[in-house]
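A.B. asks: Provided herewith is a single structure, encoded as structure tokens, for subsequent inquiry.
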Amino acid sequence: MSEFLEFGAEHLPYILEGLPITLGLWALAMAIGALFGLLLAWARLYGNKLIYGAATAYVEIFRGTPMLVQMLFIYLGLPEIGIVFDPFTAAVIAIGLNTSAYQAEYFRGAIRSIPRGQLQAARAMGMSQFQGLRWIILPQALRRVIPQWSNEAILELKYTSIAYAIGVSELTARAEKIGYETFMFFEVFMLLALIYIVLTGTVAQILQFLEKRTAIPGL
Amino acid sequence: MLLQVENIHKRYGTAEVLKGVSLNVVAGQSKVIMGPSGTGKSTLLRCINHLTPPDQGRVLVEGVEITSANLNKMREKLAFVFQDFNLFTHLRAVDNVAVGPRKIRGMNKVAARDLAMRELERVGMVERAEAYPAELSGGQQQRVSIARALAMEPKVILFDEPTSALDPELTGEVVAVMKQLASDGMTMLVVSHEIGFARQAADEIIFMDGGHILEQGPPEQLFASPQHERTRQFLSRIGEGGAGA
């Protein structure tokens, strides 16, 4: 045990230098995912045939292929047609686009769960469709989606580790490097797992707090 | 003429629900539409503010056809009170009332809140201004929804069976508010079988059957001596007049 602590004390600082990268990847990807996810949900609920079809195809493609493949395609495939990203950007785009497909479905379900009559009441008062969605439906749907969104956020936090495959120097890449330097793979990946547990636990707590804080009776 | 409804037709698939309905409402009048269920009363109301666009026919408010300009602007003049209230679940009572003035009429927060409190006062709901809809009884929710309609300062309020989702002991408070509005001079078009309201507050009863207006007239006349057998049958079924049906 004391050996493990010693190992930790020696190598933790180096691994934790990857923490801002991991959190940066995660936060940017989740933000892209939320924005795109909302747009996709909108497209699938209220779009015309063409918009609905395009959004549906997008969701199916990104949910039906592995995120690692998507990331490799963006980082290694796109340069062949002249689109070049640095590893961090490529990883943010891949994770962001992937999670947007999942978030779209969560948003869509949450929006559909709000009784239709409320949008009708908004329209009957003189609100446009957009105003009704913005002021009446969305505030309720966003509250309802928090539990599912929390799961997705935690899943994506773990998925940022995939970025190590294209050379992003995040937590996992750094831990692996220490592993090869010390050949203490058991200790280093135990340490890495501990770091992820603390991260996911903290995020879960924060989101649970948010859910409680925004709760409204009857919603 | 405040509200003119001309020759409204509405068809769902093969079923023609409205077969050419026309009616007029003068400012300050309240009219009650009655008739058997499935006869197109609610559809008619929804056609009037184009929540359900009619297949044919025109609706004019103060002489302006409501589809001729901005439909959203025209709808501000035609408030709608729903059978199942449709209050906004995430907003407190006062914010349910204030949200329209604020987001549609562009009022500032303080003015909208003041207006909302005045309208809640009118329906006797000031004490529960900070409650969420889920914390209110059905009757209270319906009173808040009437305040929400009033806050848009509409020309006409359309009531779609405002008491039929309520427990019998809760209808009284809603009917009382509606009677008060009628006597304040609010123009109202009400789909309802509330005999108390119809007798005491309505200027005219419109009896609909099978997608048509069968007959219309002042309540005392229509209840005492209905012209049509269908009207007689209906009135006797809801426990009113209809000498021998």
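A.B. asks: Given the Cα atoms of chain B, and with Rh set as the inverse mean 1/r over their pairs in the Kirkwood sense, what is Rg to Rh to two decimals? Write down the numbers at each step before the final one.
C.D. replies: Details: Rg = 17.9 Å, Rh = 18.4 Å.
In chain B, Rg relative to Rh is 0.97.
A.B. asks: Sticking with this one: For an R0 of 30 angstrom, estimate the FRET efficiency from the Cβ-Cβ distance between B:Gln200 and A:Ile216 and round to the nearest 0.05. Please list the in-between numbers first.
C.D. replies: On the way: r = 38 Å, r/R0 = 1.28.
After rounding to 0.05, the efficiency reads 0.20.
A.B. asks: Which angle from 0 to 90°, rounded to the nearest 10, does the C-alpha axis of helix B:109-122 make with the longest principal axis of chain B?
C.D. replies: The angle comes out near 40 degrees.
A.B. asks: How far apart, in nm, are the 7 Å Cα→Cβ label points at B:Ala27 and A:Ile61?
C.D. replies: 6.0 nm
A.B. asks: Using a 1.4 angstrom probe on the protein heavy atoms only, line up A:Trp42, A:Trp135, A:Trp26 by accessible area, largest first. Walk me through the intermediate numbers first.
C.D. replies: Values: A:Trp42 105, A:Trp135 75, A:Trp26 45 Å².
The most accessible residue leads, giving A:Trp42, A:Trp135, A:Trp26.
A.B. asks: Using helices alone, I'd like the mean residue ellipticity at 222 nm for chain A: each DSSP H run of four-plus residues gives -39500 (n - 2.57), total over residue count, nearest 500. Please list the in-between numbers first.
C.D. replies: On the way: 9 runs with 164 residues, N = 219.
Per the formula, -25500 deg cm²/dmol.
A.B. asks: At a probe of 1.4 Å, how much accessible area disappears from chains B and A on forming the pair, both sides counted, to the nearest 100 Å²? Let's see the in-between values first.
C.D. replies: Working: alone 10750 and 12290 Å², together 21080 Å².
Roughly 2000 Å² of accessible surface disappears when B and A pair.
A.B. asks: Still on this structure: I want the local charge near B:His90. Using Cβ-Cβ distances under 11 Å, sum +1 for each Lys or Arg and -1 for each Asp or Glu among the other residues.
C.D. replies: +2
A.B. asks: Enumerate the whole-percent occupancy of each 10 Å bin, from 0 to the last occupied one, for all C-alpha pair distances of the stretch A:72-219.
C.D. replies: 10, 26, 26, 21, 12, 4, 1
A.B. asks: If you don't mind, there's one more thing I want to ask. What FRET efficiency would be calculated for the residue pair B:Asn7, A:Leu78, taking the C-beta separation as r and a Förster radius of 60 Å, to the nearest 0.05? Kindly include the intermediate steps, with their values, before the conclusion.
C.D. replies: On the way: r = 61 Å, r/R0 = 1.02.
Once the sixth-power term is evaluated, E becomes 0.50.
A.B. asks: Can you list the DSSP H helices in chain A whose Cα atoms extend at least 30 Å along the helix axis and whose mean Kyte-Doolittle hydropathy is -0.5 or higher? Present the calculation step by step, with values, prior to reporting the outcome.
C.D. replies: Values: long enough: A:19-46 (40 Å, 1.70); A:87-112 (37 Å, 0.43); A:185-213 (42 Å, 1.38).
Sorted by number, the helices that extend far enough and score high enough are A:19-46, A:87-112, A:185-213.
A.B. asks: Sticking with this one: How much length is gained on full extension from B:Ser137 to B:Glu62, taking 0.36 nm per residue of separation minus their Cα-Cα distance? Could you put the intermediate results ahead of the total?
C.D. replies: Details: separation 75, 0.36 × 75 = 27.00 nm, distance 3.61 nm.
Full extension of this stretch gives 23.4 nm more.
A.B. asks: What residues from the stretch B:7-23 fall in the zone where the backbone N is under 18 Å from a label point 7 Å along the Cα-to-C-beta line of B:Asp55?
C.D. replies: B:7-22
The values are calculated or read from the model by the stated rules, or taken from the named source; none is laboratory data. This is a predicted model, so every value here is computed, not measured. Cβ: placed from backbone, ideal geometry, glycine included. Neighbour counts: every protein chain shown. With ligands, DNA and RNA removed, areas are computed over all heavy atoms of the protein, side chains included. Shrake-Rupley method; radii C 1.70, N 1.55, O 1.52, S 1.80 Å.
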